[in-house]
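S.K.: Here it is: the structure, laid out below.
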Amino acid sequence: MESDASGGWRFAQCFGDKGEVEDITEADIISTVEFDSTGNYLATGDKGGRVVLFERNDMKKGCEYKFYTEFQSHEPEFDYLKSLEIEEKINKIRWCKRQNSAHFLLSTNDKTIKLWKVFEKSLRVVSESNTFDGSRALPPPSMKQHLRLPRMTQQDNIIAAVPRKVYSNAHAYHIHSIAVNSDQETYISADDLRINLWNLNISDQSFNIVDIKPANMEELTEVITAAEFHPTQCNVFMYSSSKSNIKMADMRDSALCDRHAKLFEEEEDPTNRSFFSEIISSISDVKFSHDGRYILSRDYLSLKIWDVNMESRPVKTIQIHDHLRGKLCDLYENDCIFDKFECTWSGDDKNVLTGSYHNYLRIFDTDTLNDVVLQADKSAFKAKKIGGPLPGNKLGGAKNGVRPGLKDAMQLETLDFNKKILHTSWHPRENTIAIAATNNLFLYSAA
């Protein structure tokens with residue numbers, strides 16, 4: 001697989017603390033990132049329970065964004081029955097398609113999903129009344145013909161965020177996935193053992209459509225890791241498992257979709273079996289292509305592209321960081337082997353994107369498997385700002401904030417496993433990607 005140094009990709013923007021900070025505030029770490037269906041808005045959620053929205057900046061040529069609004073979506077809670085603390089961390093954000101001037105989006109922490117309405121609101125103030133005219137005080141009227149109606153004038157426009165619905169108490173385990181249906185009326189939420197179907201307008205009732213909890217929990221062998229609706233067929237959804245398989249189900253078949261319609265699973269090569277096999281083969285994310293024909297899945301070391309009509313094996317398998325195979329023992333010791341990397345399709349389904357360690361990310365052409373390696377780090381921001389070579393970069397200068405030779409650098413011993421690209425999103429109509437790198441949001445664009 002030949003790798004182009006930058007593939008035409010260039011650093012565009014960086015939001016967040018741009019200085020070199022030793023102690024990163026835990027609450028500022030970005031935990032999810034999502035473009036809306038138009039690409040004009042971008043949402044991030046963080047471990048502090050905040051949702052930050054960005055708006056396309058039409059004043060700038062190219063795909064640039066500006067801050068739109070921020071609100072506290074979730075607060076820390078305590079479950080007194082189970083003596084458990086419930087974190088405020090936002091696990092997922094999903095936009096609903098825009099129906100009017102307001103935006104609607106779903107956000108979830110481990111236990112509670114909320115539907116937020118974000119809209120522009122005009123602030124009106126009393127400009128004239130019986131006791132003052134503008135800022136000038138008036139004596140109280142002495143005769144009834146001097147009485148006048150107060151006058152209101154518009155003072156300012158603010159962006160308000162209100163929770164329209166709160167969907168709670170439906171999951172015994174931690175929610176890791178939400179997906180809005182193509183009918184824009186329903187959505188699914190998934191935890192480790194169950195998937196529930198909700199109507200967006202009804203917050204006190206959901207239907208359990210998948211339940212893999214065994215009668216005896218000692219017999220538990222797998223958990224659900226991700227769930228996603230089909231992009232056009234509102235009755236079809238899929239969910240992935242820690243046992244390296246993807247199940248597709250049809251809600252027209254039965255009320256409880258425990259009997260899957262399709263099972264995508266690849267036979268494991270017994271010669272490669274090791275103590276870590278089950279952990280690294282667990283699927284961390286699945287995504288339908290925009291036309292619904294293919295499925296993209298990510299496990300610890302690889303990306304797989306499946307044809308929905310062929311269940312026995314993937315049509316493409318792409319190694320992301322195979323050089324880590326020899327370091328699995330260390331990665332198990334420091335818990336990094338349990339990291340859940342996301343994957344995403346480009347808007348035209350011709351490319352796929354996923355992250356790695358040391359803030360590296362990789363973009364693959366689905367046809368040729370040619371790849372581009374980028375690194376979301378502060379030096380890209382600085383290189384664009386000063387236009388010079390990157391400090392301490394022995395592999396050569398940066399071009400457009402993208403360093404050549406990153407593919408080789410990725411395989412060096414000195415990888416920082418605390419820096420990782422877990423959460424990404426691809427603009428639905430353009431080659432612009434949003435990357436969550438610890439407490440920073442990076443945007444890269446390609447011509």
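S.K.: When you look at residue 286, is it assigned to a strand (DSSP E or B), at pLDDT below 95, in contact with a strand residue (DSSP E or B) (Cβ under 6 Å, 6 or more places away or on another chain) and within 23 Å of residue 30 (Cβ to Cβ), yes or no?
M.R.: no
S.K.: If only one of 173, 167 is open to solvent by 50 Å² or more (accessible area, probe 1.4 Å), modelled with pLDDT of 90 or more and among the aromatic types (Phe, Trp, Tyr), which one is it?
M.R.: Going through 173, 167 in turn, the sole match is 173.
S.K.: For the stretch 71-103, what are the residues that are in a strand (DSSP E or B) and under 16 Å from the mean Cα position of the chain (by Cα)?
M.R.: Hits for the stretch 71-103 are 92, 93, 94, 95.
S.K.: Being under 22 Å from residue 187 (Cβ atoms), surrounded by fewer than 20 Cβ atoms within 10 Å (Cβ to Cβ), over 23 Å from the mean Cα position of the chain (by Cα) and acidic (Asp, Glu) is the requirement here; does residue 269 meet it?
M.R.: It is false that residue 269 is under 22 Å from residue 187 (Cβ atoms), surrounded by fewer than 20 Cβ atoms within 10 Å (Cβ to Cβ), over 23 Å from the mean Cα position of the chain (by Cα) and acidic (Asp, Glu).
S.K.: OK, next. What is the residue count in the stretch 176-192 for residues that are open to solvent by less than 40 Å² (accessible area, probe 1.4 Å), without any contact (Cβ under 8 Å) to a residue 60 or more places away in the chain and in contact with a Cys (Cβ under 9 Å, 6 or more places away or on another chain)?
M.R.: The qualifying residues number 2.
For every residue, the table says whether it meets (1) out of contact with any Gly (no Cβ under 9 Å at 6 or more places or on another chain); (2) basic (Lys, Arg).
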{"position": "55", "(1), (2)": "yes, no"}
{"position": "71", "(1), (2)": "yes, no"}
{"position": "90", "(1), (2)": "no, no"}
{"position": "104", "(1), (2)": "yes, no"}
{"position": "107", "(1), (2)": "no, no"}
{"position": "111", "(1), (2)": "yes, yes"}
{"position": "118", "(1), (2)": "yes, no"}
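S.K.: Could you please let me know if residue 111 is in a loop (DSSP other than H, G, I, E, B) and surrounded by 13 or more Cβ atoms within 10 Å (Cβ to Cβ)?
M.R.: So residue 111 passes the test.
S.K.: I need the full set of residues from the stretch 74-98 which are surrounded by 17 or more Cβ atoms within 10 Å (Cβ to Cβ) and over 9 Å from residue 48 (Cα atoms), in order please.
M.R.: Those that are surrounded by 17 or more Cβ atoms within 10 Å (Cβ to Cβ) and over 9 Å from residue 48 (Cα atoms): 86, 91, 92, 93, 94, 95, 96.
S.K.: Can you tell me which residue is nearest to residue 96 (Cα to Cα) among those in the stretch 56-72 that are free of Cβ contacts under 8 Å to residues at least 60 places away in the same chain and open to solvent by less than 50 Å² (accessible area, probe 1.4 Å)?
M.R.: Going through the qualifying residues, I end up with 56.
S.K.: So how many residues does the stretch 413-445 have that are more than 26 Å from residue 301 (Cβ to Cβ) and either surrounded by fewer than 20 Cβ atoms within 10 Å (Cβ to Cβ) or out of contact with any strand residue (DSSP E or B) (no Cβ under 7 Å at 6 or more places or on another chain) (or both)?
M.R.: Count: 5.
S.K.: Here are some conditions: (1) surrounded by 11 or more Cβ atoms within 10 Å (Cβ to Cβ); (2) over 23 Å from residue 317 (Cα atoms); (3) over 22 Å from the mean Cα position of the chain (by Cα). Residue 264 meets all but one. Which one does it not meet?
M.R.: Unmet for residue 264, out of (1) surrounded by 11 or more Cβ atoms within 10 Å (Cβ to Cβ); (2) over 23 Å from residue 317 (Cα atoms); (3) over 22 Å from the mean Cα position of the chain (by Cα): (2).
S.K.: Kindly establish whether residue 256 is of a type in the set (A, V, I, L, M), at pLDDT below 90 and loosely packed, with under 14 Cβ neighbours inside 10 Å.
M.R.: Against the criterion (of a type in the set (A, V, I, L, M), at pLDDT below 90 and loosely packed, with under 14 Cβ neighbours inside 10 Å), residue 256 qualifies.
S.K.: Let me ask you something else. Take the residues in the stretch 193-216 that are under 18 Å from residue 105 (Cα atoms) and among the hydrophobic types (A, V, I, L, M, F, W, C); name whichever of them is surrounded by the most Cβ atoms within 10 Å (Cβ to Cβ).
M.R.: Ranking the candidates gives 198 first.
S.K.: Right, another one. Assigned to a strand (DSSP E or B), free of Cβ contacts under 8 Å to residues at least 24 places away in the same chain and either among the aromatic types (Phe, Trp, Tyr) or within 28 Å of residue 338 (Cα to Cα) (or both), is that true of residue 247?
M.R.: The answer is yes for residue 247.
S.K.: Report, by residue number, each residue of the stretch 123-168 that is touching a residue at least 12 places away in the same chain (Cβ under 8 Å) and polar (S, T, N, Q).
M.R.: Those that are touching a residue at least 12 places away in the same chain (Cβ under 8 Å) and polar (S, T, N, Q): 127, 129, 130, 153, 154, 155, 157, 168.
S.K.: Name every residue in the stretch 177-223 that is in a loop (DSSP other than H, G, I, E, B) and either among the acidic types (Asp, Glu) or touching a helix residue (DSSP H, G or I) at 6+ places or on another chain (Cβ under 9 Å) (or both), in order of residue number.
M.R.: Selection gives 183, 185, 191, 192, 204, 222.
S.K.: Six or more apart or on different chains, Cβ atoms under 8 Å: show the pairs whose first residue is in the stretch 255-267 and over 19 Å from residue 211 (Cα atoms) and whose second is at pLDDT below 85 and open to solvent by 70 Å² or more (accessible area, probe 1.4 Å).
M.R.: none
S.K.: Condition test on residue 94, is it closer than 27 Å to residue 186 by Cβ and out of contact with any strand residue (DSSP E or B) (no Cβ under 7 Å at 6 or more places or on another chain)?
M.R.: no
S.K.: Please state which one of 367, 348, 335 is farther than 27 Å from residue 37 by Cα and either at pLDDT 95 or above or surrounded by fewer than 17 Cβ atoms within 10 Å (Cβ to Cβ) (or both).
M.R.: None of the other options fit; the residue is 335.
The values are calculated or read from the model by the stated rules, or taken from the named source; none is laboratory data. Predicted model, so just to flag it, every value in this text is computed and none were measured. Neighbour counts run over all protein chains shown; Cβ positions are idealised from the backbone, glycine included. Keep in mind that these areas ignore ligands, DNA and RNA; they rest on the heavy atoms of the full protein, side chains included. Shrake-Rupley method; radii C 1.70, N 1.55, O 1.52, S 1.80 Å.
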